Each structure stands twice: as structure tokens, then as C-alpha cells.
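Participant: One structure follows; several queries about it will come next.
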Amino acid sequence: MHRYVSRIARCLLALSCIATGSAHADTYPDRPVKLVVPFPPGGGSDTVGRLIAKSLSDNLGQQVVVDNRGGAGGSIGTGSVARAAPDGYTLVLASTSEIAINPALYPSLGYSTVDDLTPVAMVATTPLAIAVNPGVKAKTLQELVALVKAQPGKINLASAGTGTITHLSSELFRAANQLNWVHVPYKGTAPALADLVSGQVQIMFLPPPPVLGLAQSGRVRLLAVSGKTRAASMPDVPTVTESGSPDYTVDNWYGIFAPQGTPGAVVEKLSASVAEVLKQKAVIDALAVQGAAPATLSRAQFADHVKREVTKWGDVVRSSGAKVE
């Protein structure tokens, strides 16, 4: 009940904002803007958030301040923005997990990522790398599929935790290829990757940055990347599509969202500013270090993409039976 009362209150506030929306956009921003990153400092979201905040500060002429609010898989920080005043001064940098996965994983969020947040701009996309321990007798993804099918229930797959994109991306691949492996959830990427290197687990789907150096030194083997195209940071690693699974594509994306009801002119101004920032070579190069590429979707395309992703990952969560412990 509280959620709906809160939504009505925001709608009333939004109506008052609409009346002065154009005038507001002319002077916006006239004070610092807060960009919530719903994770602690130091992770991938924080790195991308600080990069974009710095560049947007220069572009908008006002400081964009990063506010780290971790907890509940990103839901606490994201929810704080969903409930914020829709004036353009409180934004969130959220990813696939917070927007598309958490609504199904956390049934009591208290807000809707579709109804209570407005997509402003997609910032970047990054594929996941499919990595195996070098002792695994598979040099290609097709060979890995054949190996798992020949040894049902005997090969271990690591993830950064149940319900994370490292888990659900592998679950989507498992279901598409009718595989039977043992999922071993860890508390974060680092311990999972350590056991992949040591051979305690044999397979992992994970973001590129922490695995690139290990692959170059031969301590893990990269078989494929999950995106539609090869990653600039791993040009010699084929896509899953190239490797014989044409119906499988996964990109982890980052995007900026504002509270629902934020004046359209303000949202458009922010969206245009992000688009300008993403053309800067320094930003492109910094994203590449994270294994990411600047997004190319328009704001309308991003909004449609978000809706499709919520449906896609909600189905994966439900079919996998993933639950937060």
C-alpha cells in the first residue's frame, strides 16, 4: 500500500514539475547532481559511474557527485532513486542486475524498475567471457558442450553468487544446450575465480577485466564471449554465436535512470549530454579497460530494451529457481 501511496505522491509532484518543465530545463542543472551507484566503491559499477560522473560534470557545468549506496544486490540504492523527487537532481547508474534481474529475484522490492524509473541513457555494454580451467579438455565452446554432455553432473560451474548475472547467464546457456553441470555459488567474483584457477571448479561466465590477465598468462582459457560481436579487449575470442549457439546473446549493460515523472525536457538534456560524453576518446578508452564499449541505443530504444530485458531475465530467474539466501 505504501508503495502506491508513494507513487501517487510522486505523480502529483511530477504534475507540478511538468508545468514548468521547459523553463526548468533551460536552467538545469543549477546545483550539483547526485548519481547513485548502488554498490560499494571499487567495483565495475563504481568505476563506470565515476568515469561518467566526471565527464558529465564537465559537460553540464555542474558537479555530478557519486553516492555509493550498496546492499541487497543493488536494490537499496536503486530503490532510493525510484522514491526520490523527480527533478533531475537524483539519478542512478544501474545495470542489468539491478533493473532486469532483481525484480524477479527480490519479490518484495517495494518499487518497480519499469514503472518507477525513467531510462535516461544507456551508457555501456560489456559481454561476459566464458572461461575454463586449462585442465579442461575443451579448446572450443562446442567441445565444452560435448564434454559436459558426456559427463552429466560431474563438471562444476562457478558463479559470483546465486541470482547474479554470472549465474543466470550460465543458466540461460545451460538451458539452451540441455546441459547438466553443478552450480557452485561463491560470495563474489574473486573467490570464484581463484577456485577456477586452482581447478576446484572448471567453468565460469564472468566480466572480462578480472580474467584477461589470467588468460594471457595461461592460468585460464577463454572459449567465447557472450555478446553479439567480439570484444575489443579479446579480439581473438569468438562469440557464442560464432561457436555454434546462434540463439544465445548476453550483454551486461549500464544505464542512467531518473525517478519516474522527471520533466521530459530535463531527461532529454541529460540523455543528450551522455551521448556527447560517450563520443569522447578518453571515455571510450577508459571503458575499453573495463572490457566495455559505449552504448549506441537512443533513449527510446533503451527504454524498449529495458522492458525486453526485464521479461527475459525474469523468465530465467523463475525457470532456474534462483532465490536469495
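Participant: I need the full set of residues from the range 180-199 which are touching a strand residue (DSSP E or B) at 6+ places or on another chain (Cβ under 9 Å) and within 16 Å of GLY153 (Cα to Cα), in order please.
Facilitator: Result: TRP181, VAL182, HIS183, VAL184, PRO185.
Participant: How about the range 1-59: which of its residues are at pLDDT 85 or above, among the aliphatic types (A, V, I, L, M) and either in contact with a strand residue (DSSP E or B) (Cβ under 7 Å, 6 or more places away or on another chain) or within 16 Å of PRO86 (Cβ to Cβ) (or both)?
Facilitator: Hits for the range 1-59 are VAL33, LEU35, VAL36, VAL37, VAL48, ILE52, ALA53, LEU56.
Participant: Restricting the range 291-325 to residues that are assigned to a helix (DSSP H, G or I) and basic (Lys, Arg), which is nearest to GLY264 (Cα to Cα)?
Facilitator: For the range 291-325, the residue satisfying everything is ARG299.
Participant: Right, another one. For the range 226-276, which positions are in a loop (DSSP other than H, G, I, E, B), touching a residue at least 24 places away in the same chain (Cβ under 8 Å) and either among the charged types (D, E, K, R) or closer than 24 Å to GLY49 by Cβ (or both)?
Facilitator: Of everything in the range 226-276, those that are in a loop (DSSP other than H, G, I, E, B), touching a residue at least 24 places away in the same chain (Cβ under 8 Å) and either among the charged types (D, E, K, R) or closer than 24 Å to GLY49 by Cβ (or both) turn out to be SER226, GLY227, ALA231, ALA232, SER233, MET234, ASP247, VAL250, GLN260, GLY261, THR262, PRO263.
Participant: Same structure, new question: Name the single residue that is surrounded by the fewest Cβ atoms within 10 Å (Cβ to Cβ) among those in the range 101-150 being among the small types (Gly, Ala, Ser) and under 30 Å from LEU287 (Cβ atoms).
Facilitator: Quick first cut of the range 101-150, residues among the small types (Gly, Ala, Ser) only: 104, 108, 110, 112, 121, 124, 129, 131, 135, 138, 146, 150.
Among the residues that remain, those that are also under 30 Å from LEU287 (Cβ atoms) are: 104, 112, 121, 124, 129, 131.
Values: ALA104: 20, SER112: 14, ALA121: 25, ALA124: 26, ALA129: 27, ALA131: 28.
Within the range 101-150, the match that is surrounded by the fewest Cβ atoms within 10 Å (Cβ to Cβ) is SER112.
Yes/no matrix, rows are residues, columns are (1) farther than 27 Å from LYS307 by Cβ; (2) surrounded by fewer than 23 Cβ atoms within 10 Å (Cβ to Cβ):
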{"residue": "GLN178", "(1), (2)": "yes, yes"}
{"residue": "PRO191", "(1), (2)": "yes, yes"}
{"residue": "MET204", "(1), (2)": "yes, no"}
{"residue": "PRO210", "(1), (2)": "yes, yes"}
{"residue": "GLY218", "(1), (2)": "yes, yes"}
{"residue": "LEU222", "(1), (2)": "yes, yes"}
{"residue": "ARG230", "(1), (2)": "yes, yes"}
{"residue": "GLY255", "(1), (2)": "no, no"}
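Participant: Also, I was wondering about something else. Taking strands (runs of 3 or more DSSP E) that do not extend beyond the range 25-101, which have at least 2 residues that are under 16 Å from the mean Cα position of the chain (by Cα) and touching a residue at least 60 places away in the same chain (Cβ under 8 Å)?
Facilitator: Hits in the range 25-101: 90-95.
Participant: Moving to a separate point now. Which of the residues belonging to the range 60-92 are of a type in the set (S, T, N, Q), closer than 17 Å to VAL120 by Cβ and surrounded by fewer than 17 Cβ atoms within 10 Å (Cβ to Cβ)?
Facilitator: If the condition is that a residue be of a type in the set (S, T, N, Q), closer than 17 Å to VAL120 by Cβ and surrounded by fewer than 17 Cβ atoms within 10 Å (Cβ to Cβ), then GLN62 is the only one that fits.
The values are calculated or read from the model by the stated rules, or taken from the named source; none is laboratory data. On a predicted model such as this, the values are computed, not experimentally measured, just so you know. Cβ atoms come from the backbone with ideal geometry, glycine included; neighbour counts cover every protein chain shown.
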